[in-house]
Every structure is written in structure tokens, then in C-alpha cells.
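A short write-up of the structure that comes next.
The values are calculated or read from the model by the stated rules, or taken from the named source; none is laboratory data. Just so you know, these numbers come straight off a predicted model, no measurement behind them. Cβ sites come from the backbone with ideal geometry, for glycine too, and all protein chains shown count toward neighbours. Heads up: the accessible areas ignore ligands, DNA and RNA and are worked out on the full protein's heavy atoms, side chains in. Shrake-Rupley method; radii C 1.70, N 1.55, O 1.52, S 1.80 Å.
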Amino acid sequence: MKPFHSITAVAAPLDRPNVDTDQIIPKQFLKSIVRSGLAAGLFYDWRRLPDGRPNPDFVLNQPLYQRAGILLARENFGCGSSREHAPWALKDFGILCIIAPSFADIFYNNCFKNGMLPVILPADAVDELFRAAAARPGLQITVDLAAQSVSLAEGRGFHFELDAYRKQCLLEGLDDIALTLRHEAAITAFEARI
Amino acid sequence: MPQTLFEKIWNRHVVLHEAGKPALLYIDLHLIHEVTSPQAFESLRETGRKLRQPGRTFATMDHNVPTDPRPFKILDASSRRQLDAMVENCRDFGVPLFDLESEDQGIVHVIGPELGLTRPGMTIVCGDSHTSTHGAFGALAFGIGTSEVEHVLATQCLWQAKPKTMEIRLQGRRGPGVTAKDLILYVIGQIGTGGATGYAVEYTGEAIRALTMEERMTVCNMSIEAGARAGMIAPDDTTYAYLRGRRHAPQGAAWEAAVTQWRGLPSDAGAQYDHSVVLDAARVAPQVTWGTNPGMVAAVDATVPDPCSLADPVARHSAELALEYMGLRPGAAISGLAIDRVFIGSCTNSRLSDLEAAARIVRGHKVARGVRAMVVPGSRRVKREAEARGLDVIFREAGFEWRESGCSMCLGMNPDILRPGERCASTSNRNFEGRQGQGGRTHLVSPEMAAAAALSGHFVDIRTWRAKP
């Protein structure tokens, strides 16, 4: 897995809570048997009008946000299905970091498995970032994993918390399975007991 | 120190735990299906890794299988490719597969319990968020992503941060017409879609103890809709009576030994939970969701809420978007909402007792004009047992479609989908935008409420329904 250190990128604001994984990538894109090429399905129903043309109002369709690397979101982002296609699609689009007041458990976990960083900030800090993004469309944000900081160009910054172990795995781009197989003896011993 | 059910299972499965790191947890049972496993097998091939414990892994086909009479030709090429990949992967890696020809095929969360694969005290995972269903047996069961599916295939373990514990106590008795589905929808409405995030929930209380196994599965199934890592119910005689004699359940002396061990699983008196919620089951009415997540739910005799009444601006905006998508006006009576489609099925409500409950309402009536209604049994076994009781005849005579088993219109990966704007009374678990088909409008209800809606053409308070003698 590719290590994650920091990112400075345009942050696209997606201003609604409880964005579920059915929205992030609808069912028809789950029939893939590979991990790549899923950006075509990202927010598919929101990115298109009923007649199939692109919806100009949807944030990721606006020219300013087509190269967004960060998604600004509201509470309980990624709720619903366990489909890892959701982080795969975001990553394929170019989004490597999502900032929200809270995430659904499985989605949060799936991000780390793909070298992506979900950042939890207090709701008022996220509010402030939404206001900054509204005031200056195309706003760039820097997220530094080692420093656990989110900062704006003019100097405003926020600290975020995350589990030290997840941080280390992301910084080093560790392969989870290889790490586990180092404990082969412990697993075998456990299996002998049950 | 007194321990909770969760803590007992957790502690017994920790392979190793170093300070400051997640624990390495042993997984007793791994269930897989065609949608979230192909990339995991592909990575195993690329890295030359094998399955550590093929005997703890079972596969089924459910998410994208058509529910037409079998045998059929799968017309959708990508669905066919995914099902073919499942066959090939199971063959190459030695995983038993319940394919479309198998008498045991069905929705992964229906067949696990049916076959006795799901048992108290186990750790169970599957690349599907509704794996929480298996918690009904006093197991620790949760959904995982594809990377974790690969991890379990290769190591039979998972790195897990220990979740906090939450007790949700449903005290008192539920009223007539109120089902397990109504209890869990009510719970989600009370605590919210993120209300249990980070917690392993244990459901307790008189109203939970009174539930049958199939009802307990309905409750635990939707734990994920409140964000819970897992939902569980302590095993008791109801659990043992259900499991006894099932194909993979222990037999003879091993059965007695297992039951003795299982009796030690329930939370000890005085065990502490990190958080407790107490709700009164007697206050729960039949529920109908009005919005685009399962927390947007109201009693059937209520009206569609007014977003203006919500103080929180984010919640208000969210409710406005939901009403716009659902095509609803604030203040409209929920019981008056006309429906186009009815879906009775899904891992939430497709078991024999669900179909029996719906059939009791349907018997002798006809589906309302203009309504298309379908019943999709959760497994081939459910279908056979239902047919042995004549339920298929009751449904067919009333005008319902009686279909083959699978996930079907719960998520619409197969051809069973809503058209844009169609309003559906559904016994499934998610009313997300587009879940049952782009532009489709889903209202989550119990099987009885779905059946009554099919016959009436609109929602009905099942408490006032009078079946034909």
C-alpha cells in the first residue's frame, strides 16, 4: 500500500449529513471484479440529471472541483453498506482525504485499508471549513498526518485525533496481512487451544 | 469482575493484544458472497497466499441473482461474470459454495442460522453490513470490507479496536400488531442513524426475551442502521430450541456440552455497559419510514413531519431534501400514502415466520389495482417450507408474485428494481435514495404492514385491520 503523509488539495464541500455508500457508489457498479475504474460510478445519481446529462449543480461536476483531493462532509459520512467500492471510487476520482464530524464505522475502517485518511474534526470546526469553502470556492486545504493537523493557507489550523496504530500503518503504507503473518505462531497456538 | 456477553466473547477470541494496538481477534466463521469477495481472491492469487481455514469459510450467491423461476440464463453479463468468478474462486480455494443449484442457497444471513453455522459465542464476519443479524444467537458478528475479507481468508484473524458496549433495554410488552421490525425501527428513530457508532449493542429487556429467534434476527439485522459495530442478544432456551438438530449444530453429547457452555455466555448480574438506553416497548406503534434513512421514521398513525420544526439546521436541511426526494408534504397522513409496489423479502424479513405473518393478512384478499407486489423468500429452504404450508398459493391467489430466493429488491442489484418515482412498501432495511432503483421511494415497514398496504393500495394501521374469517 502507498504510504500517506500529507495532502494539499482543493476541498470539495458536500453539504449533507448521512451520505450513505449507496450514494457514493450505486449498486450497478458493484458488479466489478476489480478495484479500479470506479470513479465513473462515484455519486452517480447525484452527478446526473434524470435525462442522463451531467448535473451542473453537483459539486464534483463544477470545474473548480474536478481535481478535488479532499472532500468536506457532514456527520455519519459513509453509512450503510460495507462496500469497499465506496473508498475505491473516491480514490479513483482523486479524493484521498475526507473531513467530517463523524464517519460510519466500516467506511472509516475501509479508508485506512486503501491508503486514504478520514479526518474527524469537531462539528464547529467542520462548519468553519464549510464557511471558508463557501467564501472562497476552490479553497485549498492541507492535511498533515504526522502533525495531525488540518490547515488553511492563511494560517487557520485544527488538530485532529486518530488511533496511533492506524496512523503508523498509513504513514508506513504497511501491508496488514504481512504484518499479521508475523504472528503466525500465535495464531497456530490459538487454533490448537480451540 | 462481572462481564457482559460481548466481553466474554471478545476475551475468548483475542489471539494477541499488545498495548496501544488493536487486538488480533480470531474469527470462527467467515461467510462470503459474490459481490464483496472477488477482489479479495484476486489479491490472494497475486500474492500467492492460500486460505488458512477453508473449513471455517462458506459461500453463497445472493446479491445479484435473478429471482425468476430456475433454471434461468443470467442476461446481465457483469452479474454473470461475478457469479462465475465466485464459482471459480470457491473451486480454486476449496470453499464450500451454495450455488444456484444448491438446495441450501439463499441470502447469506438467512442460511447461516438455518444450517446451524451460526452459534452462540462465535465470532462471525462477512463482507456485508447486515452480518449483525447473527448476533441474535449471542454471537459477535459484524460486517467488513473487502480488504478485511482478504485478511480473514489469509489469516482467519482480524485486527480490531475494542468497541464500547451499549445496552438497549426494551422493557414492557409490545402491543398487538407491533412486530420486531417496529421495535428496531423505533429504536433507530430514537437514537439516530449514528446513535450506536463505535458500540457493540446488546438488546435486553422483557420485550426482547419474548421474541422468537427469527424476530431476534430482525432486530439484530438493523443494528448497523443505528451505526452499531454489532448487535447481540444473549442466548437462552429459545436459541437452543432453534439450533437443536440443525445440520452444523453439535449432536449428541457434544450438543449437551455446547449448551452447558452457552449457558455461561449471558451478561453477568452487575456487568457494566459503557452506555445504556431504556425504552418502553408498550409505547411502540407500527412504524413507517418517511425519509431517506432508517432513522426518519414515524408511527403509522402520525403525519409526515415538518422540517421547520427541527431546530438543528443540518437536520432541517436533511429532512427537506428527504421530503423532496420522497415527494411528500409535511403534515400529510402517513396512512393515506398511496403505494405502487410492495416488496416482502430481504435479510431483515424473509424468513418463514415473516411470510406466515404476511400470508395471514393476505389470505382471501386481492392486491389492490395498480399495485405490483412480490414475495421473495430468503432462502430455498424458506421457499420449500412456505410451499409445504401452502403460503405460495395464498400469495399467488391474491395477486402477489412468488419468486426465487435472493437479496432481490432490497438493493436492486438484480433485475428487481423500482422505476423512478415509484413508491414502495418494503420489508427491507434501507430507504436510502435510489437503493431500490434510481428515483424509487422506499418506505420500510413490517411484513404485516407491507401485506396490508398491498391489499389496500396505501398504508394501513395494522392494529385496525380485520382479516377475513
Among A:Pro122, A:Pro101, A:Pro50: highest mean-square fluctuation, GNM of chain A, C-alpha pairs under 10 Å: A:Pro50
Förster radius 30 Å - calculated FRET efficiency between B:Glu88 and A:Arg16, Cβ distance, rounded to 0.05: 0.15
Taking the range A:1-158 and dividing mean pair separation by its residue count, relative contact order in percent (alpha carbons under 8 Å, at least six apart): 30
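For the protein assembly as shown, what is the percent of antiparallel DSSP beta bridges, rounded to the nearest 5? Intermediate results must be reported in sequence, preceding the final value.
Values: 27 of 79 bridges.
Looking only at bridges with both residues in the protein assembly as shown, the antiparallel portion is about 35 percent.
Pick out, in residue order, every one of the GluC sites (Glu not before Pro) in the range B:98-140 that is DSSP loop and has at most 16 other C-beta atoms within 10 Å; say none if there are none. Walk me through the numbers before you get to the answer.
Values: sites: B:Glu101, B:Glu103, B:Glu114; in loops: B:Glu101, B:Glu103.
Taking the range B:98-140 and a limit of 16 other Cβ atoms within 10 Å, the loop GluC sites (Glu not before Pro) found are B:Glu101, B:Glu103.
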Among B:Cys308, B:Ala207, B:Gln171 the positive-end extreme of the charge dipole of the range B:165-319 (Cβ point charges): B:Ala207
Long-range HN-HN contacts of A:Ile98 with modeled amide H, under 5 Å: A:Leu71, A:Leu117, A:Val119
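Using a 10 Å cut-off on Cβ to Cβ distances, tally the other chain neighbours for every residue of B:2-10 and report the average as a whole number. Show your work: numbers first, answer last.
Numbers: counts 0, 0, 0, 0, 0, 0, 0, 0, 0.
Whole-number average of other-chain Cβ neighbours for B:2-10 is 0.
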The range B:417-469: trypsin sites (Lys or Arg not before Pro) in DSSP loop, at most 12 other beta carbons within 10 Å: B:Arg466
Where the protein assembly as shown is the region considered: accessible area per residue in Å², 1.4 Å probe: 36
Unit charges on C-beta of K, R, D, E only; dipole of the protein assembly as shown, Debye: 920
Per-residue ³J(HN,Hα) for the range A:185-194, Karplus 6.51 cos²θ - 1.76 cosθ + 1.60, θ = phi - 60°, Hz, x for Gly and Pro: 4, 5, 5, 4, 5, 4, 5, 5, 7, 9
Mean shadow area of the protein assembly as shown, taken as a quarter of the surface of its Cα convex hull (nm²): 28.0
Calculated from backbone phi, Karplus (6.51, -1.76, 1.60) coupling profile of the range B:60-66 in Hz, x at Gly/Pro: 9, 10, 9, 5, 10, 7, x
Size of charge dipole - chain B - debye, nearest 20, with Cβ of Lys, Arg +1 and Asp, Glu -1, no other charges: 640
Coarse-grained scattering of the range B:17-155 at q = 0.12 Å⁻¹, given as base-10 log I(q)/I(0) from a Debye sum over alpha-carbon atoms: -0.47
Highest-MSF residue in chain A out of A:Gly37, A:Gly78, A:Gly115 [GNM, Cα springs under 10 Å]: A:Gly37
Stokes-Einstein D for the range B:269-311, Kirkwood Rh over Cα pairs, 20 °C, 1.002 mPa s (µm²/s): 162
Rounded to whole Hz, the Karplus (6.51, -1.76, 1.60) HN-Hα couplings of the range B:107-122, x for glycine and proline: 5, 3, 7, 9, 6, x, x, 3, 8, x, 6, 8, 9, x, x, 7
Scaled radius of gyration (Cα, divided by 2.2 N^0.38 Å) that the range A:6-193 gives: 1.10
Total charge dipole magnitude, the range B:299-380, about the Cα centre, Cβ charges on Lys, Arg, Asp, Glu only, Debye to nearest 20: 620
Amide N of the range A:30-68 lying under 13 Å from the label point, which is placed 7 angstrom from the Cα of B:Ser78 along Cα→Cβ: A:30-45
Amide H partners (placed H, <5 Å) of A:Ile25, local residues excluded: A:Phe43
Loop trypsin sites (Lys or Arg not before Pro), the range A:113-184 (other Cβ atoms within 10 Å of the site Cβ: 15 or fewer; DSSP): A:Arg156, A:Arg182
Burial ranking of peptide ranges A:147-153, A:80-86 (average Cβ count within 10 Å, highest at the top): A:80-86, A:147-153
Highest-fluctuation residue, A:Ala133, A:Ala40, A:Ala89 considered, GNM on chain A with Cα pairs under 10 Å: A:Ala40
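If you average over every viewing direction, what projected area does the convex hull of the Cα atoms of chain B give, in nm²?
Values: hull surface 91.0 nm².
So the mean shadow area of the Cα hull is 22.7 nm².
Once a ≥ b ≥ c are taken as the square roots of the eigenvalues of the Cα gyration tensor of the range B:263-376, is the result rounded (a/c under 1.5), prolate (a/b larger than b/c) or oblate (a/b not larger than b/c)? All intermediate terms of the calculation are to be shown ahead of the outcome.
On the way: a/c = 2.35, a/b = 1.11, b/c = 2.13.
Oblate, since a/c reaches 1.5 and b/c is not below a/b.
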Ellipticity estimate at 222 nm from DSSP helix runs (n ≥ 4, -39,500 (n - 2.57)) divided over the protein assembly as shown, nearest 500: -9000 deg cm²/dmol
Cα centroid of the range A:47-93 to Cα centroid of the range B:356-379, whole Å: 38
Longest to shortest principal axis, alpha-carbon extents of the range B:49-118, angstrom: 35, 30, 16
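Please compute the contact order of chain B in relative form: average sequence separation of alpha-carbon pairs under 8 Å and at least six residues apart, divided by the residue count, as a percent. List each step's numbers first, then the result.
Numbers: 1115 pairs, mean separation 80.9, N = 469.
About 17 percent, as a whole number.
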Mean Cβ neighbour count within 10 Å, used as a protection proxy, ranking B:33-45, A:4-16 highest first: B:33-45, A:4-16
